[in-house]
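Report on the structure given below.
The values are calculated or read from the model by the stated rules, or taken from the named source; none is laboratory data. Just so you know, these numbers come straight off a predicted model, no measurement behind them. Here the Cβ is made from the backbone with ideal geometry for all residues, glycine too, and neighbour counts use every protein chain on show. What goes into the accessible areas is simple: the full protein's heavy atoms, side chains included, and nothing from ligands, DNA or RNA. Shrake-Rupley method; radii C 1.70, N 1.55, O 1.52, S 1.80 Å.
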Amino acid sequence: MPAEPAVPLLEVRGLSVEFKKRRVLEDVSFALQPGEIFGLLGPNGSGKSTTFHVLTGVLRPRAGEVRFEGQPVVPGARVLRRQLGVVFQAASVDINLTCRENLRLAARLHRVPGAEVEGRIRDLLALADLTDRADDRVKTLSGGMKRRLELARSLIHRPRLLILDEPTVGLDEVSFDRTWQRLAELRAREGTTLLLTTHRPEEAARCDRLALLDQGRIIAVDTPANLQARVSGDVVTLHGERPDELAEVVRERFAQEVRRLDDGISLVVERGHEWIPRLVEAFPSGRLTAVNMHRPSLADVFLKLTGHTLFDVSPPA
Amino acid sequence: MSLALRDDLATVRVLWWRDLLRFLRQPTRLVGALAQPVVFWLLIGGGMDSTFRYGAAPDVGYMQYFYPGIVVMMVLFASIFGTITVIEDRHAGFLQSVLVGPGSRAAVVVGKSLGVGSVGLVQAAAFLCLAPFAGFTYGQIDWLTLAVFLVTGALALSAFGFALAWLTDSSQAYHAVMSIVLLPGWVLSGAMFPPSDDHPVLQSLMRGNPMSYLVSGVRGALHPTGATTHHLAGSTAGDLAALVAFAVFSVGVSTYAIYRKR
């Protein structure tokens, strides 16, 4: 992480948003240092997208202050929008136009100097691995290609701050890795500051710092490593049918707190490798379909700090 | 020129060009957009031709009377179908990225209205090639006046459609407004039949309908010396003034809507 200078690139203080009389963001504050990758981690409905919409000017906050390079700005003000690149969860390119046409329109929208436009488009098509699809209509591209084009479009004007809403949702593991490789390259080459929302612990782990967001409030802001250090021990997961019954057996025999998953249960214990044989022997042969152990992930940290899971399905081991 | 104005002009240009580009990219859309009014004109015009008698000018057949109405219908339909896409586009489409871009929201209204309006004008221009078949001669048409009315009308209807799309924010609601306001509005614009003293209620509705002044102006420009020309507002300038007022109102409502409701 870069050394902390005195003035953050973006600072959000006391942001509150009400939607139909329901408080969806409450007193949210965080600051982004130039060049850092900052993640907002939380489950669906935690307020991540609301924060995203306030910063991009789509929603108006009830209260709060936003500063860009120390200067107060109205959220979504033109001066802020000029510096912003935005990657939406839903497509924001025109699927009836070609990749090149979409990038050209984005360049004109942001008034990229005419002499630089074609060069920038060439570079970004290369970054997005879309050089050979440049003149194909977007609707003929695969989902992953479209996501890459979205990223390229958001970078056409070399924004100081790139805001991404769930940038890797729906991507397979290979595309996920490639996306993060690109973001890291971008940060290294252009010094772009990144703010992203995510509910994926493996994505959050790649950020420099994270804000954990739960029910519209920030619960913790720290580096992933520091957050992970807040949960000691190992997470042991037992997979099998009828997870409620599995949970009951473990609670009765071992007096351990158990978390129920879709296809099993998990528990946090010290020296997990010693627990595994005891747990397996507590069940008849064939009752468990799989057993595994892992160091606590950010999903476990989130659960410990908020009492809520990041997702409804079981996390990857 | 200030930076803000340059941002706004860039936004207007991008939205304008994007709608035209999309239209040119879909040749089937062009064919469909032309075929439908031609079919309308031939079927309704042909069917009514033998029974319709225009008191002021008995030699004017329905094919000729109906022609300016079809031109306006093309502009209206283009504005409806061009702006209904705003509903989806603002939440999950190209418009999202424009709304978070450096331009103002007013520039979004103007750019989108110009884009949609231009598509309607291209279609109307193509249909105007058929004017001689309706009994109008190219040499007699007051092209300048025609262009002024069509451009103003296209902008007004597109901006009106934009306001509807933004405020309803639902395709179903937009369709409902289209069926109970926009389409009856076109029927009651003088496009299909002239206002008559025998039906004072209809006549007042027609007078209160901004689309009537567009139809009236287009009819006058197509047939400047013809007997069908009966300017609703008394003169070309009067019709144009009413239409400009409608355009200003539509752009105003759209701009208010886009700032007010996010």
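Before moving on, here are some points about what is shown:
- Taking GluC sites (Glu not before Pro) across the range A:208-298, the ones in a DSSP loop with at most 14 further Cβ atoms lying within 10 angstrom of their Cβ are A:Glu241, A:Glu257, A:Glu270.
- For chain B, the longest principal axis of the Cα atoms and the long axis of helix B:62-83 meet at an angle of about 10 degrees.
- Per-residue accessible area (protein heavy atoms, 1.4 Å probe) orders B:Thr11, B:Thr236 as B:Thr236, B:Thr11, starting from the largest.
- Cβ-placed point charges (K, R +1; D, E -1), dipole of the protein assembly as shown about Cα centre in debye, nearest 20: 1080
- Protein-only accessible surface order, largest first, of B:Asp59, A:Asp27 at 1.4 Å: B:Asp59, A:Asp27
- Report summary: the helix-based calculation at 222 nm, which adds -39500 (n - 2.57) for every DSSP H run with n ≥ 4 and divides by the residues of chain A, gives -10000 deg cm²/dmol.
- The angle between the Cα long axis of helix B:105-128 and the main principal axis of chain B comes to about 30°, on a 0 to 90 degree scale.
- Fraction of beta bridges assigned by DSSP in the protein assembly as shown that are antiparallel (%, nearest 5): 65
- In this calculation the C-beta distance from A:Arg253 to A:Asn292 is compared with R0 = 25 Å, giving a FRET efficiency of 0.80.
- Amide hydrogen neighbours beyond the local backbone of A:Asp214, cut-off 5 Å, H modeled: A:Ile219
- Among A:Ile121, A:Ile276, A:Ile37: highest mean-square fluctuation, GNM of chain A, C-alpha pairs under 10 Å: A:Ile276
- Minimum 50 Å² accessible area buried by the other protein chains, the range B:75-100 residues, probe 1.4 Å, relative to alone: B:Phe94, B:Gln96, B:Ser97, B:Val100
- Placing unit charges on each Cβ (+1 for Lys and Arg, -1 for Asp and Glu) gives the protein assembly as shown a dipole about its Cα centre, and among A:Gly85, B:His223, A:Gln256 the Cα reaching farthest toward its positive end belongs to B:His223.
- Counting only DSSP beta bridges whose two residues both lie in the range A:83-206, roughly 10 percent are antiparallel.
- Relative contact order, percent, the range A:234-295 [alpha-carbon distance under 8 Å, six or more residues apart]: 49
- Listed residues B:Met1, B:Met178, B:Met48 arranged by accessible area, highest first, probe 1.4 Å: B:Met1, B:Met48, B:Met178
- Reference-scaled alpha-carbon Rg (2.2 N^0.38 Å with N residues) for the range A:178-281: 1.43
- B:Ile44-A:Asp244 pseudo-label distance in nm [points 7 Å out on the Cα-to-Cβ vector]: 6.4
- Against chain B, whose longest principal axis is taken from its Cα atoms, helix B:236-260 shows a tilt of about 30°.
- Prolate/oblate/rounded call for the range A:234-295, Cα gyration tensor, a/c under 1.5 rounded: rounded
- Selection from A:Pro201, A:Ala63, A:Pro224, by position along the positive dipole direction of the range A:10-226 (Cβ): A:Ala63
- Rolling a 1.4 Å probe over the protein heavy atoms gives the range B:3-260 an accessible area of 40 Å² per residue.
- Mean per-residue shielding of peptide A:148-154 is 1, counting Cβ atoms of other chains within 10 Å of each Cβ.
- Computed FRET value (nearest 0.05) for B:Phe52 with B:Val244, which takes r as the C-beta separation and R₀ as 25 Å: 0.20
- Per-residue shielding of A:104-117, expressed as the average number of other chain Cβ atoms within 10 Å of the residue Cβ, stands at 4.
- Furthest towards positive pole of dipole, B:Gln26, B:Gln96, B:Gly111, structure part the range B:1-123, Cβ charges: B:Gln96
- Pairwise burial A:B, computed as accessible area of each alone minus the pair, summed, 1.4 Å, Å²: 2700
- For chain B, calculated [θ]222 nm from helices alone, where every DSSP H run of n ≥ 4 adds -39500 (n - 2.57): -23000 deg cm²/dmol
- Computed from the C-beta positions of A:Glu69 and B:Phe81 and an R0 of 45 Å, the FRET efficiency is 0.55 to the nearest 0.05.
- For peptide A:83-96, the mean count of partner chain Cβ atoms within 10 Å of a residue's Cβ comes to 5.
- Dipole magnitude (debye, nearest 20) for chain A, charges at Cβ of Lys, Arg, Asp, Glu: 1340
- For chain B, built as a Gaussian network whose Cα springs stay under 10 Å, the top-fluctuating residue of B:Gly111, B:Gly45, B:Gly139: B:Gly139
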